[in-house]
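Just so it is clear, none of the values below were taken in a lab; they were calculated from the coordinates. Owing to the predicted nature of the structure, the values given are computational and were not obtained by experimental measurement. Cβ sites come from the backbone with ideal geometry, for glycine too, and all protein chains shown count toward neighbours.
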């Protein structure tokens with residue numbers, strides 16, 4: 001039995017070492033807007049978000065941030081049809097950065113802390129050389145999908161319950177996988193501890209999801225400062241106390257509190273700084289001077305983020321949620 005667990009640990013360590021992900025230690029659900037275009041233009045078209053207000057003085061160039069060739073964009077048309085009192089999220093930039101993904105022809109994903117709460121959808125139709133704007137939309141969920149009918153210029157959004165179920169699943173699955181691996185070297189892996197581990201993590205992830213939904217629903221300002229920092233500290237303490245009392249092992253040197261710290265410390269401390277300042281903290285090339293996290297933790301939580309994205313992709317493509 002011990003040989004089997006050692007083999008599993010070696011395989012898991014090898015997979016973590018070779019996974020093609022950046023070690024940014026940037027895990028956990030992030031704000032996200034997904035635009036799905038129906039009745040799309042026949043030719044090429046470009047999608048951006050309009051944000052109310054003038055262009056901020058100090059902002060991130062999201063075109064450069066996402067390694068997009070500016071020369072490939074319809075700059076003249078976007079400037080010509082610019083709406084007064086609004087600015088483009090990608091073209092003009094946002095203060096916290098905004099990630100952009102274009103997984104297929106008619107799907108556009110905007111994510112990270114630059115994701116706006118109030119916005120319009122801007123669609124440039126190359127065949128008509130014109131930019132079409134949607135009505136004003138509000139994001140009421142942390143991660144929300146909007147369906148834009150280009151022919152009717154109307155926008156619909158999905159069921160919020162299904163959206164939060166998807167968010168819960170995509171966050172829970174990588175947490176169970178990678179924090180569960182840490183049970184092995186600490187000597188806590190057996191059936192009784194596994195049940196406790198599942199219950200604790202399902203409960204904490206459910207709590208985070210419910211609190212996120214409540215904050216978005218009531219429109220609480222500065223909820224990253226007022227809610228998530230103390231909530232994550234409380235979860236950290238609860239897990240340490242529960243593991244201290246309930247985790248069982250025959251190994252004399254096993255430390256339940258040390259396990260709770262190793263499983264949560266890099267993520268919780270990074271989340272506090274990140275949510276407070278709206279920046280990315282980790283081992284990426286651009287910001288290695290900001291904060292150093294041990295390489296193993298960076299690799300572990302980079303892999304966790306990657307597995308979360310894989311979970312989201314599977315759930316979306318299979319239409320389960």
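Among 115, 107, the order by Cβ neighbours within 10 angstrom, fewest to most, reads 107, 115.
Using R0 = 45 Å, the C-beta based FRET efficiency linking residue 136 and residue 177 works out to 0.65.
Test of understanding: what is the full-extension gain from residue 195 to residue 162, defined as 0.36 nm times their sequence separation minus their Cα-Cα distance? Present the calculation step by step, with values, prior to reporting the outcome.
Values: separation 33, 0.36 × 33 = 11.88 nm, distance 2.62 nm.
Working it through step by step, the gained length comes to 9.3 nm.
Modelled spin labels at residue 102 and residue 244, positioned 7 Å past Cα toward Cβ, are 5.3 nm from each other. Between residue 42 and residue 206, the contour length at 0.36 nm per residue exceeds the Cα-Cα span by 54.8 nm.
The label-point distance for residue 261 and residue 129, in a model that sets each label 7 Å from Cα toward Cβ, rounds to 6.6 nm. Between residue 149 and residue 214, the distance separating the two model label sites (each 7 Å from Cα on the Cα→Cβ line) works out to 3.7 nm.
What list do you get for 70, 139, 191, 246 if you sort them by fewest beta carbons within 10 Å? Mind showing how you got there, number by number?
Values: 70 10, 139 18, 191 7, 246 15.
Ranking 70, 139, 191, 246 by Cβ neighbours within 10 Å, fewest first, gives 191, 70, 246, 139.
For region 23-156, just say rounded, prolate or oblate: build the C-alpha gyration tensor, square-root its eigenvalues into a ≥ b ≥ c, call rounded for a/c under 1.5, and beyond that prolate if a/b exceeds b/c, oblate if not. The shape class here is rounded. Cβ crowding within 10 Å ranks 81, 48, 42 as 42, 81, 48, fewest other Cβ atoms first.
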